[in-house]
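Here the structure is laid out as structure tokens; the discussion comes afterwards.
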Amino acid sequence: MLAEELAALAGAGATALIGAMATDVWQGARSRAVRLFGRGGEAPDSAIEARLDEDAALVGGAEPGGEADEIRAELMPVWRRRLILLLERHPEYEADLRALVDSVRGELPDGRQVWTQQNTARDHGTLFAVQGGNLHYHPAADGRVPPPDDRDDRGDRGDRDAQAAQDTQDARGGQGDRGGRGGTGGAR
């Protein structure tokens, strides 16, 4: 399994597991997670059970919405990392983890399947993020992100691009595009 696929599956597993905490789906999700981790001998069942129960108690004891969502967000990378390590050691568990994810997703009410994603790009970084879909990034040979090709059949870009260019120039105080570094979307 490729590193990107492994990370995506582990992220989906962590999302499903943490999303199930403090819901009616929790006991089934907990049992499947204990079996998954216990199979690999990564930790005794009692240790995994204790970690899961402690985290579920944190979520369950929190105020629904704000604080509970914060705790879930803090737990997400922890369980994602645990699942990545498990899959790295036991790639044959991929199908079992997918089954856990599918099972939990199928049992959770629609309202619990919605997550908030917070992303920050710093120090001239570029950030690309997606939830529940795919992101395809194809930089130009020189490393720049090319503008989208949204020309109509006549080859005209139309008034929309002219307005966008004017808005950009106005936002920069009339300085125009610095150094020809064009591009679309994303934080820089």
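The values are calculated or read from the model by the stated rules, or taken from the named source; none is laboratory data. These numbers were taken from a predicted model, which means no experiment stands behind them. All Cβ positions, glycine included, derive from the backbone under ideal geometry; neighbour counts span all protein chains shown. These accessible areas exclude ligands, DNA and RNA; they are computed on the full protein's heavy atoms, side chains included. Shrake-Rupley method; radii C 1.70, N 1.55, O 1.52, S 1.80 Å.
Things to note:
- Listing of helices (runs of 4 or more DSSP H) fully contained in segment 1-108 that carry 1 or more residues being surrounded by 15 or more Cβ atoms within 10 Å (Cβ to Cβ), among the hydrophobic types (A, V, I, L, M, F, W, C) and out of contact with any Gly (no Cβ under 8 Å at 6 or more places or on another chain): 3-20, 26-39, 45-61, 66-89
Conditions tested, residue by residue: (1) under 20 Å from the mean Cα position of the chain (by Cα); (2) without any contact (Cβ under 8 Å) to a residue 40 or more places away in the chain; (3) within 26 Å of Glu5 (Cα to Cα).
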residue: Thr23; (1), (2), (3): no, no, no
residue: Pro64; (1), (2), (3): no, yes, no
residue: Leu86; (1), (2), (3): yes, no, yes
residue: Glu92; (1), (2), (3): no, yes, yes
residue: Val101; (1), (2), (3): yes, no, yes
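- In segment 120-141, the residues that are open to solvent by 70 Å² or more (accessible area, probe 1.4 Å) and either at pLDDT 70 or above or under 23 Å from Ala73 (Cβ atoms) (or both): Thr120, Arg122, Asp123, His124, Thr126, Phe128, Gln131, Gly132, Asn134, Leu135, Ala141
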